[in-house]
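Taking it in order: structure first as structure tokens, then the write-up.
The values are calculated or read from the model by the stated rules, or taken from the named source; none is laboratory data. This is a predicted model, so every value here is computed, not measured. Don't worry about glycine lacking a Cβ; one is built from the backbone with ideal geometry, like all the others, and counts go over all protein chains shown.
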Amino acid sequence: MPNNTNKAQQIADSLKQRILILDGAMGTMIQQHKLEEEDYRGERFKDWHVLVKGNNDLLSLTKPELIEDIHRRFLAAGADIIETNTFNSTTVSMHDYDMASLSREVNLESAKLARKVCDEFTAKTPEKPRYVAGVLGPTSKTCSISPDVNDPGYRNITFDKLVTAYVESTLALMEGGADLILIETIFDTLNAKAASFAVEEAFEQAGRTLPVMISGTITDASGRTLSGQTTEAFYNSIRHIKPISIGLNCALGPDLLRQYVEELSRVCETFTSVHPNAGLPNEFGEYDLEPDEMAKEIIDWGKSGFINIVGGCCGTTPAHIRAFAQGLKEVAPRALPTIEIRMRLSGLEACNLN
């Protein structure tokens, strides 16, 4: 199978030379516009039979200029990698708005928007190429946990259905111009395995490959994902996929996430990525951690040798990304460690045998 060798090698070389900057929170930026139902609908969906406010990915079709502007603002702030506006664009998640049939189109157009803006900035400064990360979100369902407390064996999605949804999204993201595939905000490792399996299937169908980033979510101070795994157990579960990076994002602010970033850096044989929230949400659901405060933590991660890619999740703005980019400009990236060869297994905990 041919590989998209030049771009993949370029990304790998860049990661050895410097810490790459990921963008910030698309949802946070959209919320600042205080859009109403008619803004989401646009002319095309003005008569849609269910409410669509909150379907941020739909804005790639109804307000593409807004999405482009958000991408531009993050790139101007110093981002190297832009995430497509596709966090909920699988057929599984779009079904919540009865829009599953639009999944492919939303993924395709979102990737094209990000590609267009990245190419604009790369043309201005060719020495600093910008990359498009095609985002595959966790979906609104989980393979491992029953949504019914009275029926622990019940599942509202199957592995195969997730694979089918992720294959469609991945192919559309590739067609739209993605340079990487980012499987992110993983709270259920089985969902992530379905996504990873689907990505490989999509690569087979497309006849080419892209680098894959994988990012899990430690949901609270327990230090575990929602499906119960520790950081190292999560790593052991997905390391065989051989992604270009493995990381953590969402749920926690940088202060609470630090110990898990350090743990991941210790065990991970590939590059690491992190994009935390701007602190924990306040009573209004807003995030209060200011750019300079958050940057202090992020810069410390860099100086401690924990990170190769860093950006922001919920609550982060171009101001946050600018503070990260400026603060990490002279900080060396994490060097890939030599990891002892062992049989590495995992359930909820890691089990490493020599």
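Some observations on this one:
- Looking across segment 243-252, the residues that are touching a strand residue (DSSP E or B) at 6+ places or on another chain (Cβ under 8 Å) and either in a loop (DSSP other than H, G, I, E, B) or more than 22 Å from Val212 (Cβ to Cβ) (or both) come down to Pro243, Ile244, Cys250.
- In segment 194-218, the qualifying residues are those that are out of contact with any helix residue (DSSP H, G or I) (no Cβ under 7 Å at 6 or more places or on another chain) and over 23 Å from Ser14 (Cα atoms), and the one that is surrounded by the fewest Cβ atoms within 10 Å (Cβ to Cβ) is Gly207.
- Condition check for Ile183: out of contact with any Phe, Trp or Tyr (no Cβ under 6 Å at 6 or more places or on another chain) and either touching a residue at least 24 places away in the same chain (Cβ under 8 Å) or charged (D, E, K, R) (or both): yes
- Condition check for Glu232: at pLDDT 95 or above, over 16 Å from the mean Cα position of the chain (by Cα), surrounded by fewer than 23 Cβ atoms within 10 Å (Cβ to Cβ) and over 25 Å from Ala114 (Cα atoms): yes
- Checking Ser222 against (1) in a strand (DSSP E or B); (2) without any contact (Cβ under 8 Å) to a residue 24 or more places away in the chain, the condition it does not meet: (1)
- Among all residues of segment 264-279, there is at least one that is in a strand (DSSP E or B), of a type in the set (Phe, Trp, Tyr) and closer than 19 Å to Gln17 by Cβ.
- Restricting segment 17-44 to residues that are within 18 Å of the chain's Cα centre (by Cα) and part of a helix (DSSP H, G or I), the residue that is surrounded by the most Cβ atoms within 10 Å (Cβ to Cβ): Met26
- One residue from Glu290, Glu263 being more than 20 Å from Thr219 (Cα to Cα) and either hydrophobic (A, V, I, L, M, F, W, C) or free of Cβ contacts under 8 Å to residues at least 60 places away in the same chain (or both): Glu290
- Test: residue in segment 192-200 that is closer than 14 Å to Thr142 by Cα, out of contact with any Leu (no Cβ under 6 Å at 6 or more places or on another chain) and touching a residue at least 12 places away in the same chain (Cβ under 8 Å): yes
- Of Glu232, Glu200, Glu204, all but one fail to be in a helix (DSSP H, G or I), farther than 26 Å from Asn6 by Cβ and of a type in the set (D, E, K, R); the exception is Glu232.
- Where helices (runs of 4 or more DSSP H) sit wholly within segment 45-116, those with at least 3 residues that are in contact (Cβ under 8 Å) with a residue 24 or more places away in the chain and under 19 Å from Lys34 (Cα atoms) occupy 59-62, 64-76.
- Selection from segment 313-350 of residues that are without any contact (Cβ under 8 Å) to a residue 60 or more places away in the chain, over 18 Å from Gly302 (Cα atoms) and among the hydrophobic types (A, V, I, L, M, F, W, C): Ile341, Met343
- Boolean, Lys53 is farther than 25 Å from Val331 by Cα and in contact with a Phe, Trp or Tyr (Cβ under 9 Å, 6 or more places away or on another chain): yes
- Selected residue (criterion: farthest from Lys116 (Cα to Cα)) from residues of segment 151-179 that are assigned to a helix (DSSP H, G or I), under 19 Å from the mean Cα position of the chain (by Cα) and not hydrophobic (A, V, I, L, M, F, W, C): Tyr166
- Residue in segment 134-147 that is of a type in the set (A, V, I, L, M, F, W, C) and at pLDDT 95 or above present: yes
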